[in-house]
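Everything on this sheet refers to the single structure shown next.
The values are calculated or read from the model by the stated rules, or taken from the named source; none is laboratory data. Since the structure is predicted, the reported quantities are computational estimates derived from the model, not experimental observations. FYI the Cβ positions are ideal-geometry reconstructions off the backbone, even for glycines, and counts take in every protein chain you see. Ligands, DNA and RNA are stripped out before the accessible areas are found, and what is left, the full protein with its side chains, is counted by its heavy atoms. Shrake-Rupley method; radii C 1.70, N 1.55, O 1.52, S 1.80 Å.
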Amino acid sequence: MTDKNFDISKRDFVKKCLALSAGVVAMPCHGAMNCIIPEEQELYKKVAMFQEETPRGIMCRICPNECVLKEGEISDCRNRIVRKSKLYTMAYGNPCSANVDPIEKKPLYHFLPGSRAFSIATAGCNLVCLNCQNWAISQTSPDKTRNFNLPPEKVVAESRRNNCLSIAYTYSEPVTFYEYAYETAVIAKESGIKNVFKSNGYINPEPLKKLCAVIDGANIDLKSFNDSTYLKLAGGKLQPVLDALKIYKDMGVWLEITNLIVPTWTDNTDEIGLMCKWLSENGFKDTPLHFSRFYPTYKLEQLPPTPVDLLKTAYRIAIGEGLKYVYIGNVPGNEMADTKCPNCGTTVIARQGYRITANKIKDGRCIKCNTIIEGVWS
Ligand code: SF4
């Protein structure tokens, strides 16, 4: 790939941000020189971390799915394979998406506001959400997508060249390209570039703790507070996600949480109340909570968008449970996307879409009443 591929003008940046508001856009390939085309792709790229031999096959211990694979079998996340009795990741250095995003898109509202994040994803995911916005890359394998050749060192170099303060591992599911994300994050950290995860939080404690040592911020989806809904909507379990939230927090990673309210699936206000109560009682009062509006997509195209009144009800429930920073996302022009000082109510950060229109935080405090506003501000 030539360096030219990541020269993004201000105009292109704005255009791309607008396009991305509707979902992921893979970077276009500029000729075969710049891309790995599927036929040329090696089937396996790198020996996988956290693998274990068992009598039934090789087990991957990265996420709670704990796939056990025999020779030649491919994992649930579609990017791991067993060859010669070893598990390999096929998602190393070959992202199918690479973009410069505003950090607000993750969304991370309390993390270097107004900055750029160099955002990458490979194909694959460990869940199967019916409402996935990025199903075209999450529900497939790296050998079926058009990819870039971007080893970790090059991701860091391109991030710097594009004036990005962070690298975001995002769009599909970074837990499943763990090795690539982890090794990139190590190099980025040494170079003074921050690392952020946009993830479903479906990861086992041991790999998560190792990861937390090198990442700075995370936005984790908490999809529902009902175990049965989690299984039917996403193919996962609730408890591992709750456990992961606690680990992120305990290990000092800046954390924000997203709850997408899907009509008929996750719109029960009693359950939303239970979720907020749990967050409040488990040390997450300072953690920003983003209620996000659902738009019909993938296997739930027949559903309507989330009513804005319901999002406002959820907002009030969360504030009532003592959560300090609650937001409504995916609703253009709503003032519940602004950050308010939890003490005096001053709007300390005003936003329009992904753009910051005012920032009244100085040295991490409200300029009016001097109250600490939790976050990573510099
Ligand atoms: S990361 Fe992939 S291979 Fe590993 S357990 Fe999860 S789904 Fe299976």
Is segment 364-374 home to any residue that is at positive phi and either buried (at least 18 other Cβ atoms within 10 Å of the Cβ) or in contact with a strand residue (DSSP E or B) (Cβ under 8 Å, 6 or more places away or on another chain) (or both)?
-> yes
Checking F148, F177 in turn, the sole residue that is over 20 Å from L260 (Cα atoms) and within 16 Å of the ligand (Cβ to nearest atom) turns out to be F177
Segment 37-128: strands (runs of 3 or more DSSP E) wholly inside it with 3 or more residues that are more than 15 Å from the ligand (Cβ to nearest atom) and modelled with pLDDT of 95 or more are 97-102, 116-121
TODO: Tell me, please, whether a residue that is open to solvent by less than 10 Å² (accessible area, probe 1.4 Å) and part of a strand (DSSP E or B) can be found in segment 170-192.
DONE: no
